[in-house]
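What follows is one structure encoded as structure tokens, with my remarks underneath.
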Amino acid sequence: QRTAFGKDIEKRLIDLERTQGWLIEQVRQMTGLYFDYSYIYKIKTGQLSNPKIVQAIRDILDLPEQNHGT
């Protein structure tokens, strides 16, 4: 089950005509942290929430701050 943030990520990637792979690469470059498909899935379903990675995703996709009781 995707969270609202997970849905925002997917919608934004469609708007930007970018792939999840592109986003993963951007997050890795911005944070220097390990990030992959399994990790992004866990972020989108609310199983993981690393503040640095979440912030990087928001910055890269230009998503507004939101409070999602995660």
Members of the range 18-51 found to be on the phi > 0 side of the Ramachandran plot and either touching a residue at least 12 places away in the same chain (Cβ under 8 Å) or touching a Pro at 6+ places or on another chain (Cβ under 7 Å) (or both), listed by number: Gly46
Residue match in the range 42-54 (condition: of a type in the set (Gly, Ala, Ser), under 10 Å from the mean Cα position of the chain (by Cα) and modelled with pLDDT of 95 or more): no
Test: residue in the range 20-27 that is assigned to a helix (DSSP H, G or I), surrounded by fewer than 12 Cβ atoms within 10 Å (Cβ to Cβ) and among the aromatic types (Phe, Trp, Tyr): no
Every residue from the range 28-52 that is farther than 13 Å from Gly6 by Cα and open to solvent by less than 60 Å² (accessible area, probe 1.4 Å): Thr31, Leu33, Phe35, Asp36, Asn50
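The values are calculated or read from the model by the stated rules, or taken from the named source; none is laboratory data. Just so it is clear, the structure is predicted and the values come from calculations on it, not from any experiment. Virtual Cβ from ideal backbone geometry, glycine too; neighbours counted across all protein chains shown. All accessible areas refer to the heavy atoms of the entire protein, side chains included, with ligands and DNA or RNA removed. Shrake-Rupley method; radii C 1.70, N 1.55, O 1.52, S 1.80 Å.
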